[in-house]
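S.K.: Starting off with a structure, shown below.
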Amino acid sequence: MRVHHLNCGTMRPIGGKLVDGKPGLFRRAELICHCLLLETDTGLVLIETGVGTPTVTRPIEWLGAGFVRLVHPDSDDDLSATTQIRKLGFDPADVRDIVLTHLDLDHAGGLVDFPGARVHVHARELQALEKPIDRKEASRYRKVQFSHGPIWKSYRADGEPWFGFDAVRELEGVPDVLIIPLAGHTRGHAGIAVDTGDGWLLNAGDAVFHGGELAEKPHIPFALGFFESYMQTEKTARLDNQRRLRELVSNNGDEVTVFAAHDATAFERLSQRSRL
């Protein structure tokens with residue numbers, strides 16, 4: 001298997017180091033949408049889709065005025081998954097399977113660019129989209145992003161143990177990729193683990209917002225931590241899963257590389273490593 005690291009959406013909220021932890025307060029922070037393109041024996045697999053090509057021409061309709069004002073996403077077609085896949089020499093139509101950590105707009109916004117692909121997602125997440133429990137849950141999903149009718153394949157919370165996590169499922173027709181329940185940010189949030197043949201990669205999605213949360217002494221920039229708490233659906237589950245992710249890094253970091261979906265520093269490190 002070959003793994004390509006793609007940034008399919010750069011976001012630049014105000015706040016500088018209060019958001020991304022890098023030096024400088026009076027600047028825009030940088031957050032990214034870390035996606036993976038897998039070359040497997042059965043075809044191309046995309047893990048996460050980023051914000052999607054409609055962001056280039058109609059960002060407010062696609063992402064919502066509030067999101068656009070808050071995070072200032074780049075309207076750059078070079079960041080779309082389809083453009084990057086073509087630059088790698090592939091046809092986006094050859095992406096047969098897409099695996100999502102959850103259905104928030106910055107993770108699922110690119111589904112429309114791959115209408116023929118099967119979309120793998122946790123069953124509780126699909127239920128949250130189709131039958132939200134309250135207005136807050138309903139408001140986090142952009143219905144316009146799903147109006148093309150994705151081909152869903154959902155997975156219940158049962159399965160086998162994996163490095164201390166329970167109910168882990170192997171994906172149907174997608175070799176060496178696992179979906180791992182990591183509820184908290186959303187009620188059906190999941191991590192996606194990839195067996196690269198040289199260790200595991202775990203996209204923890206928004207189970208953590210910053211790489212510092214995986215450290216022995218966890219930390220997160222103030223403004224980003226506030227936003228993380230505001231966006232959570234299940235606080236107890238989120239904190240418990242963060243604890244288990246830290247234990248995974250501490251006990252099995254030589255076997256499993258964990259990264260947060262919006263951490264630009266981790267993206268730079270991992271994409272550079274993959275090119276060596």
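The values are calculated or read from the model by the stated rules, or taken from the named source; none is laboratory data. It should be emphasised that the depicted structure is a prediction, and the values quoted were computed from it without experimental measurement. Ideal geometry is used to build each Cβ from the backbone, glycine not excepted, and the neighbour counts take in all protein chains shown. The accessibility values were calculated without ligands, DNA or RNA, using every heavy atom of the protein model including side chains. Shrake-Rupley method; radii C 1.70, N 1.55, O 1.52, S 1.80 Å.
S.K.: With a bin width of 10 angstrom, please list the P(r) values of the stretch 101-219 as percents of all Cα-Cα pairs, from the 0 bin to the one holding the largest distance.
M.R.: Per 10 Å bin, starting at 0, the Cα pair percentages come out as 13, 42, 35, 10, 0.
S.K.: Determine ³J(HN,Hα), in whole Hz, for all residues of the stretch 67-78 in sequence, where each value follows from phi through the Karplus function 6.51 cos²θ - 1.76 cosθ + 1.60 and θ = phi - 60°; x replaces Gly and Pro.
M.R.: Listing the rounded values in order: 5, 4, 5, 6, 10, 6, x, 5, 9, 10, 5, 5 Hz.
S.K.: Normalising by the residue count of the stretch 141-250, find the relative contact order in percent from Cα pairs under 8 Å and 6+ residues apart.
M.R.: Relative contact order for the stretch 141-250 comes out at 20 percent.
S.K.: Same structure again: Given points 7 Å out from each Cα along the Cα-Cβ axis, report the Ala93 to Ala138 separation in nanometres with one decimal.
M.R.: Rounded to a tenth, the inter-label distance reads 3.8 nm.
S.K.: Here's another thing I want to ask about it. Run the numbers on the stretch 47-202 and let me know its relative contact order in percent, using alpha-carbon pairs under 8 Å that are six or more apart.
M.R.: Relative CO of the stretch 47-202 lands at 21 percent.
S.K.: Just to compare against my own numbers: the Cα pair-distance distribution for the stretch 1-97, 10 Å bins, whole % per bin, please.
M.R.: 16, 40, 29, 14, 1
S.K.: Take a quick pass over the stretch 2-274 and tell me how many lysine pairs come in under 20 angstrom between Cα atoms, counting only ones 8 or more apart or on separate chains.
M.R.: So the count works out to 7.
S.K.: What span do the alpha-carbon atoms of the stretch 2-274 cover on each of the three principal axes, reported in whole Å from largest to smallest?
M.R.: Largest to smallest, the principal-axis extents are 47, 44, 41 Å.
S.K.: Let me have the relative contact order for the chain, percent, based on Cα pairs under 8 Å that are six or more residues apart.
M.R.: 18 percent.
S.K.: Divide by every residue of the chain the summed helix terms, -39500 (n - 2.57) for each DSSP H run of at least 4, and state the resulting mean residue ellipticity at 222 nm, rounded to the nearest 500 deg cm²/dmol.
M.R.: When only DSSP H runs of four or more count, the value is -8000 deg cm²/dmol.
S.K.: Still on this structure, please answer the following. What percentage of the solvent-accessible surface of the chain, computed with a 1.4 Å probe over protein heavy atoms, is contributed by carbon and sulfur atoms?
M.R.: 51
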